[in-house]
Amino acid sequence: MIVLVAIGLVGAAAGFLISRFLLNKALKARENSANSKAKAILKEAESEAEVLKKNKILEAKEKFLQLKSEHEKQIGEKDKNISIAENRIKQKESNLAQKLEQTTKKQQEFETLQTNLKNQLQILDGKKEELAKLHQRQVENLEKISGLSVEQAKTQLVEALKAEAKTEAMSTIKDIMEEAKLTANKEAKKIIIQTIQRVATEHAVENAVTVFPIENDEVKGRVIGREGRNIRALEAATGVEIIVDDTPETIILSCFDPVRREVARLALHQLVSDGRIHPARIEEIVAKVKRQLEEEIAEVGKRTAIDLGIHGLAPELIRMVGRMKYRSSYGQNLLQHSREVANLCAIMAGELGLNVKLAKRAGLLHDIGKVPDDEPELPHAILGMKLAEKFKENPEVCNAIGAHHDEIEMNSMISPIVQVCDAISGARPGARREVVESYIKRLKDMEALALSYPGVEKTFAIQAGRELRVIVQSEKINDKQAEVLSFDIANKIQTEMTYPGQVKVTVIRETRAVNYAK
(Lines give C-alpha, C1' and ligand atoms only; values in the text may rest on other atoms or scores of the structure.)
Protein backbone atom coordinates (compact mmCIF):
# COMPACT_ATOMS: atom_id res chain seq x y z
CA MET A 1 0.00 0.00 0.00
CA ILE A 2 2.77 2.37 0.91
CA VAL A 3 4.59 1.43 -2.25
CA LEU A 4 1.52 2.16 -4.30
CA VAL A 5 1.12 5.54 -2.64
CA ALA A 6 4.74 6.40 -3.26
CA ILE A 7 4.45 5.33 -6.87
CA GLY A 8 1.35 7.54 -7.20
CA LEU A 9 3.10 10.51 -5.67
CA VAL A 10 6.10 10.04 -7.90
CA GLY A 11 3.80 9.82 -10.95
CA ALA A 12 1.93 12.93 -9.91
CA ALA A 13 5.13 14.84 -9.41
CA ALA A 14 6.43 13.65 -12.72
CA GLY A 15 3.18 14.65 -14.41
CA PHE A 16 3.30 18.09 -12.75
CA LEU A 17 6.85 18.62 -13.88
CA ILE A 18 6.09 17.45 -17.41
CA SER A 19 3.01 19.72 -17.67
CA ARG A 20 5.01 22.62 -16.23
CA PHE A 21 7.69 22.04 -18.80
CA LEU A 22 5.20 21.85 -21.62
CA LEU A 23 3.40 25.01 -20.35
CA ASN A 24 6.62 27.01 -20.20
CA LYS A 25 7.53 25.84 -23.67
CA ALA A 26 4.11 26.93 -25.01
CA LEU A 27 4.37 30.32 -23.28
CA LYS A 28 7.85 30.87 -24.69
CA ALA A 29 6.59 29.98 -28.16
CA ARG A 30 3.76 32.46 -27.79
CA GLU A 31 6.13 35.13 -26.53
CA ASN A 32 8.40 34.59 -29.47
CA SER A 33 5.46 34.77 -31.86
CA ALA A 34 4.22 37.97 -30.22
CA ASN A 35 7.67 39.53 -30.35
CA SER A 36 8.00 38.70 -34.01
CA LYS A 37 4.53 40.16 -34.71
CA ALA A 38 5.37 43.28 -32.72
CA LYS A 39 8.60 43.71 -34.63
CA ALA A 40 6.70 43.28 -37.90
CA ILE A 41 4.08 45.84 -36.83
CA LEU A 42 6.79 48.29 -35.73
CA LYS A 43 8.60 47.81 -38.99
CA GLU A 44 5.40 48.34 -40.97
CA ALA A 45 4.54 51.44 -38.88
CA GLU A 46 8.00 52.86 -39.43
CA SER A 47 7.69 52.35 -43.17
CA GLU A 48 4.21 53.99 -43.20
CA ALA A 49 5.51 56.88 -41.08
CA GLU A 50 8.36 57.35 -43.48
CA VAL A 51 5.92 57.45 -46.40
CA LEU A 52 3.64 59.94 -44.59
CA LYS A 53 6.64 62.05 -43.71
CA LYS A 54 7.74 62.14 -47.34
CA ASN A 55 4.18 63.01 -48.46
CA LYS A 56 3.89 65.81 -45.92
CA ILE A 57 7.26 67.20 -46.91
CA LEU A 58 6.16 67.14 -50.56
CA GLU A 59 2.85 68.84 -49.72
CA ALA A 60 4.66 71.47 -47.67
CA LYS A 61 7.07 72.12 -50.55
CA GLU A 62 4.16 72.41 -53.00
CA LYS A 63 2.33 74.77 -50.63
CA PHE A 64 5.46 76.83 -50.18
CA LEU A 65 5.98 77.04 -53.92
CA GLN A 66 2.33 78.00 -54.44
CA LEU A 67 2.48 80.72 -51.77
CA LYS A 68 5.75 81.91 -53.20
CA SER A 69 4.26 82.20 -56.69
CA GLU A 70 1.17 84.01 -55.36
CA HIS A 71 3.35 86.39 -53.36
CA GLU A 72 5.49 87.07 -56.40
CA LYS A 73 2.35 87.63 -58.44
CA GLN A 74 0.97 90.10 -55.85
CA ILE A 75 4.30 91.90 -55.73
CA GLY A 76 4.29 92.07 -59.53
CA GLU A 77 0.75 93.52 -59.54
CA LYS A 78 1.71 96.07 -56.86
CA ASP A 79 4.79 97.03 -58.85
CA LYS A 80 2.63 97.38 -61.92
CA ASN A 81 0.10 99.59 -60.03
CA ILE A 82 2.94 101.66 -58.62
CA SER A 83 4.40 102.17 -62.08
CA ILE A 84 0.95 103.14 -63.42
CA ALA A 85 0.50 105.60 -60.55
CA GLU A 86 3.98 107.02 -61.19
CA ASN A 87 3.09 107.48 -64.87
CA ARG A 88 -0.14 109.25 -63.90
CA ILE A 89 1.70 111.53 -61.50
CA LYS A 90 4.28 112.33 -64.18
CA GLN A 91 1.47 113.04 -66.65
CA LYS A 92 -0.27 115.33 -64.13
CA GLU A 93 3.00 117.09 -63.42
CA SER A 94 3.51 117.70 -67.13
CA ASN A 95 -0.11 118.93 -67.46
CA LEU A 96 0.36 121.26 -64.49
CA ALA A 97 3.56 122.58 -65.97
CA GLN A 98 1.76 123.28 -69.27
CA LYS A 99 -1.13 124.96 -67.45
CA LEU A 100 1.27 127.03 -65.39
CA GLU A 101 3.03 128.12 -68.58
CA GLN A 102 -0.33 129.00 -70.19
CA THR A 103 -1.36 130.92 -67.04
CA THR A 104 1.87 132.89 -67.12
CA LYS A 105 1.29 133.78 -70.77
CA LYS A 106 -2.29 134.85 -70.06
CA GLN A 107 -1.15 136.92 -67.11
CA GLN A 108 1.35 138.71 -69.33
CA GLU A 109 -1.37 139.30 -71.96
CA PHE A 110 -3.73 140.60 -69.24
CA GLU A 111 -1.10 143.03 -67.99
CA THR A 112 -0.59 144.28 -71.55
CA LEU A 113 -4.36 144.74 -72.00
CA GLN A 114 -4.59 146.53 -68.66
CA THR A 115 -1.88 148.96 -69.71
CA ASN A 116 -3.65 149.64 -73.02
CA LEU A 117 -6.96 150.13 -71.18
CA LYS A 118 -5.41 152.68 -68.86
CA ASN A 119 -4.09 154.64 -71.83
CA GLN A 120 -7.52 154.58 -73.49
CA LEU A 121 -9.21 155.72 -70.26
CA GLN A 122 -6.85 158.67 -70.04
CA ILE A 123 -7.74 159.60 -73.63
CA LEU A 124 -11.49 159.28 -72.81
CA ASP A 125 -11.12 161.47 -69.71
CA GLY A 126 -9.57 164.17 -71.90
CA LYS A 127 -12.45 163.93 -74.39
CA LYS A 128 -15.04 164.06 -71.54
CA GLU A 129 -13.51 167.29 -70.31
CA GLU A 130 -13.72 168.73 -73.82
CA LEU A 131 -17.40 167.64 -74.15
CA ALA A 132 -18.24 169.13 -70.76
CA LYS A 133 -16.74 172.47 -71.80
CA LEU A 134 -18.69 172.42 -75.09
CA HIS A 135 -21.92 171.54 -73.25
CA GLN A 136 -21.40 174.38 -70.78
CA ARG A 137 -20.86 176.85 -73.65
CA GLN A 138 -24.08 175.70 -75.37
CA VAL A 139 -26.09 176.00 -72.12
CA GLU A 140 -24.75 179.52 -71.57
CA ASN A 141 -25.70 180.48 -75.14
CA LEU A 142 -29.24 179.05 -74.66
CA GLU A 143 -29.67 180.90 -71.34
CA LYS A 144 -28.67 184.17 -73.05
CA ILE A 145 -31.11 183.57 -75.92
CA SER A 146 -34.12 182.44 -73.77
CA GLY A 147 -33.55 184.65 -70.76
CA LEU A 148 -34.13 181.59 -68.44
CA SER A 149 -31.75 179.49 -66.42
CA VAL A 150 -31.47 175.72 -66.91
CA GLU A 151 -33.41 174.90 -63.71
CA GLN A 152 -36.20 177.31 -64.59
CA ALA A 153 -36.55 175.83 -68.08
CA LYS A 154 -36.66 172.30 -66.64
CA THR A 155 -39.32 173.26 -64.09
CA GLN A 156 -41.58 174.90 -66.70
CA LEU A 157 -41.26 171.95 -69.07
CA VAL A 158 -42.02 169.38 -66.35
CA GLU A 159 -45.06 171.31 -65.09
CA ALA A 160 -46.47 171.62 -68.62
CA LEU A 161 -45.98 167.92 -69.29
CA LYS A 162 -47.52 167.00 -65.92
CA ALA A 163 -50.69 169.01 -66.53
CA GLU A 164 -51.11 167.65 -70.06
CA ALA A 165 -50.44 164.04 -69.00
CA LYS A 166 -52.76 164.30 -66.02
CA THR A 167 -55.63 165.65 -68.13
CA GLU A 168 -55.23 162.93 -70.76
CA ALA A 169 -54.81 160.20 -68.11
CA MET A 170 -57.95 161.23 -66.21
CA SER A 171 -59.98 161.27 -69.38
CA THR A 172 -58.67 157.88 -70.46
CA ILE A 173 -59.18 156.32 -67.01
CA LYS A 174 -62.76 157.60 -66.84
CA ASP A 175 -63.59 156.12 -70.25
CA ILE A 176 -61.93 152.80 -69.38
CA MET A 177 -63.70 152.57 -66.01
CA GLU A 178 -67.12 153.24 -67.49
CA GLU A 179 -66.57 150.78 -70.31
CA ALA A 180 -65.17 148.15 -67.90
CA LYS A 181 -68.14 148.48 -65.54
CA LEU A 182 -70.66 148.07 -68.33
CA THR A 183 -68.78 145.19 -69.94
CA ALA A 184 -67.87 143.45 -66.67
CA ASN A 185 -71.41 143.51 -65.29
CA LYS A 186 -72.81 142.30 -68.56
CA GLU A 187 -70.26 139.52 -69.00
CA ALA A 188 -70.41 138.42 -65.35
CA LYS A 189 -74.21 138.16 -65.44
CA LYS A 190 -74.03 136.29 -68.73
CA ILE A 191 -71.45 133.77 -67.45
CA ILE A 192 -73.26 133.12 -64.16
CA ILE A 193 -76.66 132.73 -65.81
CA GLN A 194 -75.27 130.38 -68.47
CA THR A 195 -73.45 128.35 -65.81
CA ILE A 196 -76.54 127.95 -63.64
CA GLN A 197 -78.70 127.05 -66.64
CA ARG A 198 -76.23 124.40 -67.85
CA VAL A 199 -76.14 122.59 -64.50
CA ALA A 200 -79.53 121.37 -63.34
CA THR A 201 -79.56 119.31 -60.14
CA GLU A 202 -82.42 118.01 -58.06
CA HIS A 203 -82.28 118.63 -54.34
CA ALA A 204 -83.91 116.78 -51.47
CA VAL A 205 -83.15 117.86 -47.92
CA GLU A 206 -81.86 114.89 -45.92
CA ASN A 207 -83.20 114.08 -42.48
CA ALA A 208 -81.97 111.97 -39.60
CA VAL A 209 -84.42 109.05 -39.97
CA THR A 210 -84.40 105.91 -42.13
CA VAL A 211 -87.52 103.79 -42.51
CA PHE A 212 -86.79 100.03 -42.71
CA PRO A 213 -89.68 98.04 -44.24
CA ILE A 214 -90.43 94.50 -43.01
CA GLU A 215 -92.70 91.78 -44.39
CA ASN A 216 -94.80 91.29 -41.26
CA ASP A 217 -94.96 92.35 -37.63
CA GLU A 218 -93.57 89.00 -36.42
CA VAL A 219 -90.10 90.22 -37.43
CA LYS A 220 -90.40 93.01 -34.83
CA GLY A 221 -90.47 90.44 -32.03
CA ARG A 222 -87.33 88.72 -33.32
CA VAL A 223 -85.57 92.06 -33.72
CA ILE A 224 -86.44 93.04 -30.14
CA GLY A 225 -85.41 89.62 -28.74
CA ARG A 226 -86.02 88.16 -25.33
CA GLU A 227 -86.27 90.99 -22.80
CA GLY A 228 -85.01 93.37 -25.54
CA ARG A 229 -81.46 91.93 -25.68
CA ASN A 230 -81.26 91.92 -29.52
CA ILE A 231 -82.33 95.52 -29.97
CA ARG A 232 -79.98 96.64 -27.19
CA ALA A 233 -77.07 94.77 -28.79
CA LEU A 234 -77.86 96.31 -32.19
CA GLU A 235 -78.08 99.83 -30.74
CA ALA A 236 -74.82 99.36 -28.81
CA ALA A 237 -72.97 98.04 -31.89
CA THR A 238 -74.19 100.71 -34.33
CA GLY A 239 -74.99 103.75 -32.16
CA VAL A 240 -78.39 104.08 -33.87
CA GLU A 241 -81.70 104.35 -32.04
CA ILE A 242 -84.08 101.64 -33.28
CA ILE A 243 -87.74 102.57 -32.84
CA VAL A 244 -90.19 99.66 -32.95
CA ASP A 245 -93.71 101.06 -32.43
CA ASP A 246 -97.23 100.38 -33.66
CA THR A 247 -96.46 101.51 -37.21
CA PRO A 248 -97.33 98.47 -39.35
CA GLU A 249 -94.52 96.65 -41.18
CA THR A 250 -92.00 99.38 -40.36
CA ILE A 251 -88.94 99.80 -38.15
CA ILE A 252 -87.50 103.31 -37.79
CA LEU A 253 -83.73 103.92 -37.55
CA SER A 254 -82.92 107.30 -36.01
CA CYS A 255 -79.41 108.80 -35.98
CA PHE A 256 -77.82 112.09 -37.03
CA ASP A 257 -74.82 110.29 -38.62
CA PRO A 258 -75.76 108.93 -42.07
CA VAL A 259 -72.89 106.41 -42.02
CA ARG A 260 -74.07 104.84 -38.78
CA ARG A 261 -77.64 104.83 -40.08
CA GLU A 262 -76.56 103.07 -43.27
CA VAL A 263 -74.57 100.47 -41.29
CA ALA A 264 -77.63 99.77 -39.12
CA ARG A 265 -79.91 99.49 -42.17
CA LEU A 266 -77.65 97.06 -44.03
CA ALA A 267 -76.98 95.00 -40.90
CA LEU A 268 -80.71 94.81 -40.07
CA HIS A 269 -81.45 93.78 -43.66
CA GLN A 270 -78.93 90.90 -43.50
CA LEU A 271 -80.14 89.79 -40.06
CA VAL A 272 -83.80 89.77 -41.12
CA SER A 273 -82.97 87.94 -44.37
CA ASP A 274 -80.86 85.33 -42.55
CA GLY A 275 -83.33 84.85 -39.69
CA ARG A 276 -80.63 84.23 -37.05
CA ILE A 277 -80.85 87.23 -34.71
CA HIS A 278 -78.89 87.09 -31.46
CA PRO A 279 -76.24 89.38 -29.88
CA ALA A 280 -73.18 87.46 -31.12
CA ARG A 281 -74.57 87.28 -34.67
CA ILE A 282 -75.48 90.99 -34.52
CA GLU A 283 -71.89 92.00 -33.66
CA GLU A 284 -70.50 89.77 -36.43
CA ILE A 285 -72.87 91.19 -39.06
CA VAL A 286 -72.25 94.82 -37.97
CA ALA A 287 -68.45 94.35 -38.24
CA LYS A 288 -68.87 92.76 -41.69
CA VAL A 289 -71.18 95.56 -42.89
CA LYS A 290 -68.70 98.22 -41.71
CA ARG A 291 -65.95 96.62 -43.82
CA GLN A 292 -68.27 96.43 -46.84
CA LEU A 293 -69.28 100.06 -46.39
CA GLU A 294 -65.62 101.16 -46.34
CA GLU A 295 -65.09 99.34 -49.64
CA GLU A 296 -68.23 100.95 -51.07
CA ILE A 297 -67.01 104.40 -49.95
CA ALA A 298 -63.72 103.86 -51.84
CA GLU A 299 -65.64 102.68 -54.92
CA VAL A 300 -67.96 105.73 -54.81
CA GLY A 301 -64.90 108.02 -54.65
CA LYS A 302 -63.27 106.30 -57.65
CA ARG A 303 -66.49 106.40 -59.68
CA THR A 304 -67.01 110.10 -58.89
CA ALA A 305 -63.46 110.97 -59.98
CA ILE A 306 -63.87 108.96 -63.21
CA ASP A 307 -67.27 110.57 -63.98
CA LEU A 308 -65.79 114.05 -63.58
CA GLY A 309 -62.60 113.20 -65.52
CA ILE A 310 -60.33 113.92 -62.55
CA HIS A 311 -57.21 111.76 -62.47
CA GLY A 312 -54.26 111.30 -60.11
CA LEU A 313 -56.11 111.80 -56.81
CA ALA A 314 -54.40 110.28 -53.76
CA PRO A 315 -56.18 107.14 -52.40
CA GLU A 316 -56.96 108.91 -49.12
CA LEU A 317 -58.57 111.83 -50.99
CA ILE A 318 -60.61 109.35 -53.04
CA ARG A 319 -61.84 107.76 -49.79
CA MET A 320 -62.80 111.21 -48.45
CA VAL A 321 -64.72 111.96 -51.64
CA GLY A 322 -66.61 108.67 -51.15
CA ARG A 323 -67.42 109.57 -47.53
CA MET A 324 -69.12 112.73 -48.81
CA LYS A 325 -72.01 110.51 -49.93
CA TYR A 326 -72.88 109.98 -46.27
CA ARG A 327 -72.39 113.56 -45.10
CA SER A 328 -74.61 116.58 -45.45
CA SER A 329 -73.97 120.32 -45.46
CA TYR A 330 -76.93 122.19 -44.00
CA GLY A 331 -79.11 119.27 -45.06
CA GLN A 332 -77.67 119.14 -48.60
CA ASN A 333 -75.87 115.93 -49.62
CA LEU A 334 -72.17 116.82 -49.61
CA LEU A 335 -71.15 114.60 -52.54
CA GLN A 336 -73.96 115.90 -54.72
CA HIS A 337 -73.04 119.47 -53.73
CA SER A 338 -69.33 118.90 -54.52
CA ARG A 339 -70.09 117.32 -57.91
CA GLU A 340 -72.32 120.27 -58.78
CA VAL A 341 -69.66 122.78 -57.69
CA ALA A 342 -67.06 120.91 -59.80
CA ASN A 343 -69.27 121.12 -62.90
CA LEU A 344 -70.07 124.79 -62.25
CA CYS A 345 -66.37 125.60 -61.82
CA ALA A 346 -65.48 123.80 -65.06
CA ILE A 347 -68.10 125.72 -67.06
CA MET A 348 -67.18 129.06 -65.56
CA ALA A 349 -63.43 128.47 -66.02
CA GLY A 350 -64.05 127.51 -69.64
CA GLU A 351 -65.99 130.74 -70.24
CA LEU A 352 -63.15 132.78 -68.68
CA GLY A 353 -60.38 130.94 -70.53
CA LEU A 354 -58.83 129.40 -67.39
CA ASN A 355 -57.62 125.86 -66.65
CA VAL A 356 -60.80 123.77 -66.66
CA LYS A 357 -59.24 120.65 -65.11
CA LEU A 358 -57.78 122.54 -62.15
CA ALA A 359 -61.07 124.37 -61.56
CA LYS A 360 -63.05 121.11 -61.62
CA ARG A 361 -60.54 119.47 -59.26
CA ALA A 362 -60.76 122.39 -56.81
CA GLY A 363 -64.56 122.34 -56.97
CA LEU A 364 -64.73 118.64 -56.12
CA LEU A 365 -62.25 118.90 -53.22
CA HIS A 366 -63.39 122.24 -51.75
CA ASP A 367 -65.35 120.62 -48.87
CA ILE A 368 -63.11 117.63 -48.00
CA GLY A 369 -62.40 119.33 -44.68
CA LYS A 370 -65.92 118.30 -43.60
CA VAL A 371 -65.24 114.54 -43.78
CA PRO A 372 -62.01 113.70 -41.92
CA ASP A 373 -62.00 110.79 -39.47
CA ASP A 374 -60.80 112.76 -36.45
CA GLU A 375 -62.55 116.12 -37.19
CA PRO A 376 -60.14 118.50 -35.34
CA GLU A 377 -61.12 121.97 -34.17
CA LEU A 378 -60.24 123.83 -37.38
CA PRO A 379 -62.41 125.58 -39.98
CA HIS A 380 -63.26 123.02 -42.66
CA ALA A 381 -61.70 125.21 -45.40
CA ILE A 382 -58.32 125.40 -43.60
CA LEU A 383 -58.46 121.68 -42.74
CA GLY A 384 -59.26 120.81 -46.36
CA MET A 385 -56.35 122.97 -47.58
CA LYS A 386 -53.95 121.22 -45.19
CA LEU A 387 -55.17 117.81 -46.37
CA ALA A 388 -54.72 118.82 -50.01
CA GLU A 389 -51.20 120.10 -49.30
CA LYS A 390 -50.41 116.86 -47.45
CA PHE A 391 -51.30 114.82 -50.53
CA LYS A 392 -49.29 117.08 -52.92
CA GLU A 393 -52.20 118.78 -54.70
CA ASN A 394 -51.60 121.77 -57.01
CA PRO A 395 -50.96 125.02 -55.04
CA GLU A 396 -53.81 126.77 -56.90
CA VAL A 397 -56.20 123.97 -55.85
CA CYS A 398 -55.00 124.21 -52.23
CA ASN A 399 -55.49 127.98 -52.22
CA ALA A 400 -58.99 127.66 -53.72
CA ILE A 401 -59.97 125.15 -50.99
CA GLY A 402 -58.61 127.31 -48.17
CA ALA A 403 -59.99 130.61 -49.51
CA HIS A 404 -63.55 129.63 -50.48
CA HIS A 405 -64.81 131.04 -47.15
CA ASP A 406 -62.23 133.88 -47.01
CA GLU A 407 -60.13 132.26 -44.24
CA ILE A 408 -57.00 133.01 -46.29
CA GLU A 409 -56.15 135.42 -49.10
CA MET A 410 -56.91 134.38 -52.69
CA ASN A 411 -53.87 134.26 -54.95
CA SER A 412 -55.24 132.65 -58.13
CA MET A 413 -58.23 133.16 -60.44
CA ILE A 414 -59.60 129.69 -59.59
CA SER A 415 -60.21 130.67 -55.94
CA PRO A 416 -63.01 133.22 -56.56
CA ILE A 417 -64.59 130.83 -59.09
CA VAL A 418 -64.81 128.08 -56.45
CA GLN A 419 -66.24 130.56 -53.94
CA VAL A 420 -68.89 131.78 -56.38
CA CYS A 421 -69.87 128.26 -57.51
CA ASP A 422 -70.13 127.09 -53.89
CA ALA A 423 -72.53 129.96 -53.22
CA ILE A 424 -74.53 129.18 -56.39
CA SER A 425 -74.91 125.51 -55.43
CA GLY A 426 -75.95 126.27 -51.87
CA ALA A 427 -78.29 129.10 -52.83
CA ARG A 428 -80.65 126.95 -54.90
CA PRO A 429 -84.20 126.93 -53.44
CA GLY A 430 -84.55 123.99 -51.02
CA ALA A 431 -80.90 123.04 -51.22
CA ARG A 432 -79.98 123.68 -47.61
CA ARG A 433 -81.51 123.94 -44.19
CA GLU A 434 -79.66 125.70 -41.38
CA VAL A 435 -81.37 123.77 -38.56
CA VAL A 436 -79.91 120.39 -39.52
CA GLU A 437 -76.30 121.61 -39.41
CA SER A 438 -76.62 123.17 -35.96
CA TYR A 439 -78.47 120.08 -34.72
CA ILE A 440 -75.72 117.74 -35.95
CA LYS A 441 -73.01 119.96 -34.46
CA ARG A 442 -74.76 119.91 -31.07
CA LEU A 443 -74.94 116.10 -31.08
CA LYS A 444 -71.29 115.75 -32.12
CA ASP A 445 -70.21 118.15 -29.38
CA MET A 446 -72.22 116.13 -26.86
CA GLU A 447 -70.55 112.87 -27.95
CA ALA A 448 -67.08 114.45 -27.90
CA LEU A 449 -67.68 115.85 -24.40
CA ALA A 450 -68.49 112.39 -22.99
CA LEU A 451 -65.67 110.74 -24.95
CA SER A 452 -63.12 113.02 -23.26
CA TYR A 453 -63.51 111.18 -19.93
CA PRO A 454 -61.00 108.36 -19.20
CA GLY A 455 -62.35 104.82 -19.52
CA VAL A 456 -65.05 105.79 -22.06
CA GLU A 457 -64.97 103.52 -25.13
CA LYS A 458 -67.91 104.73 -27.28
CA THR A 459 -70.57 107.45 -27.11
CA PHE A 460 -73.88 107.61 -28.97
CA ALA A 461 -76.32 110.54 -28.97
CA ILE A 462 -79.81 109.17 -29.70
CA GLN A 463 -83.46 110.28 -29.58
CA ALA A 464 -82.61 113.57 -31.32
CA GLY A 465 -80.11 114.44 -28.63
CA ARG A 466 -82.43 113.78 -25.68
CA GLU A 467 -80.38 110.76 -24.56
CA LEU A 468 -76.62 110.14 -24.46
CA ARG A 469 -75.45 106.54 -24.13
CA VAL A 470 -71.90 106.11 -22.88
CA ILE A 471 -70.23 102.68 -23.22
CA VAL A 472 -67.30 102.28 -20.81
CA GLN A 473 -64.51 99.72 -20.44
CA SER A 474 -65.48 97.30 -17.67
CA GLU A 475 -61.87 96.69 -16.57
CA LYS A 476 -61.30 100.44 -15.98
CA ILE A 477 -64.69 101.59 -14.62
CA ASN A 478 -66.55 99.75 -11.87
CA ASP A 479 -70.25 100.10 -10.98
CA LYS A 480 -69.76 102.92 -8.45
CA GLN A 481 -67.49 104.82 -10.83
CA ALA A 482 -70.12 104.40 -13.59
CA GLU A 483 -72.70 106.19 -11.39
CA VAL A 484 -70.22 108.99 -10.67
CA LEU A 485 -69.32 109.24 -14.37
CA SER A 486 -72.99 109.56 -15.36
CA PHE A 487 -73.45 112.35 -12.80
CA ASP A 488 -70.29 114.20 -13.92
CA ILE A 489 -71.19 114.04 -17.63
CA ALA A 490 -74.73 115.28 -16.93
CA ASN A 491 -73.37 118.21 -14.90
CA LYS A 492 -70.83 119.10 -17.59
CA ILE A 493 -73.50 119.03 -20.32
CA GLN A 494 -75.72 121.20 -18.15
CA THR A 495 -73.01 123.82 -17.54
CA GLU A 496 -71.24 123.89 -20.93
CA MET A 497 -73.93 123.20 -23.57
CA THR A 498 -77.14 124.79 -24.77
CA TYR A 499 -79.96 122.37 -25.60
CA PRO A 500 -83.76 122.20 -25.52
CA GLY A 501 -85.54 120.10 -22.86
CA GLN A 502 -83.42 117.62 -20.91
CA VAL A 503 -80.68 115.10 -21.74
CA LYS A 504 -80.65 111.60 -20.21
CA VAL A 505 -77.10 110.25 -19.66
CA THR A 506 -76.91 106.44 -19.59
CA VAL A 507 -73.57 104.79 -18.74
CA ILE A 508 -73.40 101.15 -19.93
CA ARG A 509 -70.84 98.81 -18.38
CA GLU A 510 -70.64 95.23 -19.65
CA THR A 511 -68.38 92.36 -18.54
CA ARG A 512 -67.76 89.46 -20.92
CA ALA A 513 -66.10 86.13 -20.23
CA VAL A 514 -64.99 84.42 -23.46
CA ASN A 515 -63.37 80.98 -23.83
CA TYR A 516 -62.92 78.58 -26.74
CA ALA A 517 -63.43 74.81 -26.74
CA LYS A 518 -60.77 73.20 -28.93
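The values are calculated or read from the model by the stated rules, or taken from the named source; none is laboratory data. These numbers come from a predicted model, not from an experiment. As a convention, Cβ positions derive from the backbone with ideal geometry for all residues, glycine included, and neighbour counts pool all protein chains shown. Ligands, DNA and RNA are excluded from the accessible area calculation, which covers all protein heavy atoms including side chains. Shrake-Rupley method; radii C 1.70, N 1.55, O 1.52, S 1.80 Å.
Just one of the listed residues (Arg260, Arg229) is open to solvent by 40 Å² or more (accessible area, probe 1.4 Å), closer than 24 Å to Val507 by Cα, in contact with a Gly (Cβ under 6 Å, 6 or more places away or on another chain) and part of a helix (DSSP H, G or I), namely Arg260.
Scanning the range 238-255 for residues that are touching a residue at least 12 places away in the same chain (Cβ under 8 Å), open to solvent by 10 Å² or more (accessible area, probe 1.4 Å) and under 32 Å from the mean Cα position of the chain (by Cα) turns up nothing. Taken residue by residue, the range 344-351 has at least one member that is closer than 21 Å to Ala400 by Cα, open to solvent by 50 Å² or more (accessible area, probe 1.4 Å), at pLDDT below 85 and among the charged types (D, E, K, R).
How many of the residues in the range 314-354 are under 22 Å from Ala264 (Cβ atoms) and either among the acidic types (Asp, Glu) or over 26 Å from the mean Cα position of the chain (by Cα) (or both)? Of the residues in that region, 2 qualify. Filtering the range 467-518 to residues that are in contact with a helix residue (DSSP H, G or I) (Cβ under 8 Å, 6 or more places away or on another chain) and assigned to a helix (DSSP H, G or I) leaves Ile489, Lys492, Ile493, Glu496.
Of the residues Ile277, Ile310, the single one that is in contact (Cβ under 8 Å) with a residue 12 or more places away in the chain, assigned to a loop (DSSP other than H, G, I, E, B), within 22 Å of Ile401 (Cβ to Cβ) and open to solvent by less than 40 Å² (accessible area, probe 1.4 Å) is Ile310.
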